[in-house]
Each structure stands twice: as C-alpha cells, then as structure tokens.
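Following: one structure in structure tokens, then a few remarks.
Laboratory data are not the source of any read-out in this text; all were calculated from the coordinates shown. Note that this is a predicted model, so its numbers are computed, not measured. All Cβ positions, glycine included, derive from the backbone under ideal geometry; neighbour counts span all protein chains shown.
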C-alpha cells in the first residue's frame, strides 16, 4: 500500500511538472508573438497571458482553491472592500509566495490604498518571479510617479515597451513623465 501511494504521488508530481513546463513554453511563445503583434492581435495575446497568470500554476485542488481566492480578492477590490481583499491576497501569498500574480494583485491594491512603498515591495516580488510581467512594470511606473522617482518610472515603461511594443500606456506615459520632469525643473 505504501509503495502504491508513493507511485501515485510521484505520478502527480510528474503531471504537475509537465504542466508547469507546458505553461512556461506557452508563455514564452506568447511573449514572442506579443513583440511582433499589433492592435487586436496583440490584445488577444495579452488576454491569453493574463489568463495564464491569473490561474494558479498547479493543477490540483490547492491550485484551484488559490485561483478561486484570487478571484474573490479581485471581486472585493472591485467592491472597494480593500481590507478584506488585502486579507485574502495576503493569505494567498502566505500559502504560495511563488505565485507572481498574487503579489501583483496585492501590489495593485496597495497602490489603490495609497501605500506606494509597500506596493513597490510587492512589485519587486512579482518581477523576481516573472521578469516579463508588463502589468507589474506598468504599475511600477505609476508607483514611481507617486514617489516622484520619474527616471525610474520612465525606465519601467521602457521595459514594458521591450516586452509589449504595441501597448499604448508607455506611449502615453513616457512623454507625460518627461513633461512633468521639465515642469518641475523650471
């Protein structure tokens, strides 16, 4: 019986590992496409990336539960129940500190709450786990504007452009930040 249980556990680990590899390959391919895509096609690719990021990478009961908790946290953010959302997102991070999207959603929430330094700390965690996270990089741009670190904000948006050249946000924000810098130096 013990041997049988070990085989089942090993099989589950192999299946999860294969799924994780497939997920990484799919993301890699989507990012390649994103670099060369324009308009509607780029938005379709972006949505596919977000879908992958917002689904917990493990395909077991725990993964489904954490995905569901993330959805609940987002719902609470939309309802502007920030304290409950913060609790749920923090719970997810405690259970799986390697899930970049949980950190990203909490960083967004912290930004909305006006806690910019803590938001940046969470963004740092996202980028350690997923350096291609254009959402976190865009959010970092906003955080750095609030912290008056304008050069860092521009750097963040330039990184977004490298990953996602057709994204409109950097095209809008970089000139605005440069104008802000110019106005403050007068």
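What does the C-alpha gyration tensor say about the overall shape of region 109-186? Classify as rounded when a/c is under 1.5, otherwise prolate if a/b is larger than b/c, or oblate.
It is oblate, given that a/c is not under 1.5 and a/b is not larger than b/c.
By how many degrees, between 0 and 90 and to the nearest 10, does the Cα long axis of helix 39-53 differ from the longest principal axis of the chain?
Roughly 50 degrees, rounded to the nearest 10.
Mind jotting down the distance between the C-alpha centroids of region 28-90 and region 91-150, whole Å?
Measuring centre to centre over Cα atoms gives 14 Å.
So how do 145, 52 line up by other beta-carbon neighbours within 10 Å, fewest first?
Listed from fewest to most nearby Cβ atoms, that is 52, 145.
Suppose only helical runs count, i.e. DSSP H with n ≥ 4. What mean residue ellipticity at 222 nm does that imply for the chain under -39500 (n - 2.57) per run, divided by all residues and rounded to the nearest 500 deg cm²/dmol? Don't jump to the answer; show the numbers that get you there.
On the way: 9 runs with 153 residues, N = 186.
The helix contribution divided over the chain gives -27500 deg cm²/dmol.
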